[in-house]
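Please treat every number below as a calculation from the coordinates, not as lab data. Bear in mind the structure is a predicted one, so any value in this text is a computation, not a measurement. Virtual Cβ from ideal backbone geometry, glycine too; neighbours counted across all protein chains shown.
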Amino acid sequence: PYFIPYFINAATARCTMNVIIIHLAGLTLSILYSSPPFYLKHRLLGDLTIYLTFHYLILKYYEELYDENDGMNADVTADITGLSLLTIGILHGNNMRDREVDYKNGIRTVANFLPA
């Protein structure tokens, strides 16, 4: 649609080494989350990985690309925090649903250690 050229221009004009590092960190966490031999989601680190990816990296990305001031916008921080908590909540709900199967298969999640 109509906003894509603006986004591409804004992103490429401000593409710094920090933005590249943020992208590489997100890619690395995504691979480590679900790929052998690491499987962070099976080693009690899935929730932390999702939090880092969907909260911290998104905040840093926004700060690098769109923050013209020296501080973060409180509205954006609140929106991103809400999004990350919702994402982690959905992950935790799925883990709670699958906790018996995960336990039998040796998959350790935060849901396995919480009481029913």
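How large is the dipole of region 24-116 about the Cα centre if only Lys and Arg carry +1 and Asp and Glu carry -1, each at its Cβ, rounded to the nearest 20 debye?
My answer is approximately 800 debye.
Suppose the chain between LEU24 and PHE38 were pulled fully straight at 0.36 nm per residue; how much longer would it get relative to their current alpha carbon spacing? Walk me through the intermediate numbers first.
Values: separation 14, 0.36 × 14 = 5.04 nm, distance 1.71 nm.
Fully extending the segment from LEU24 to PHE38 adds 3.3 nm.
From the C-alpha coordinates alone, can you work out the Kirkwood hydrodynamic radius of region 35-106, in Å?
That comes to 13.9 Å for region 35-106.
Could you give the nm distance between label points at LEU114 and MET96, where each point is 7 Å from its Cα heading toward the beta carbon?
0.5
With point charges of +1 on the Cβ of Lys and Arg and -1 on the Cβ of Asp and Glu, referenced to the Cα centre of region 31-108, which listed residue (THR53, ASN105, SER34) lies farthest in the positive direction of the dipole?
Positive-most Cα among the choices belongs to ASN105.
Sum up the charges of everything whose Cβ sits under 13 Å from the Cβ of LEU57, counting Lys and Arg as +1 and Asp and Glu as -1, but leave LEU57 out.
Combined, the nearby Lys, Arg, Asp and Glu give -1.
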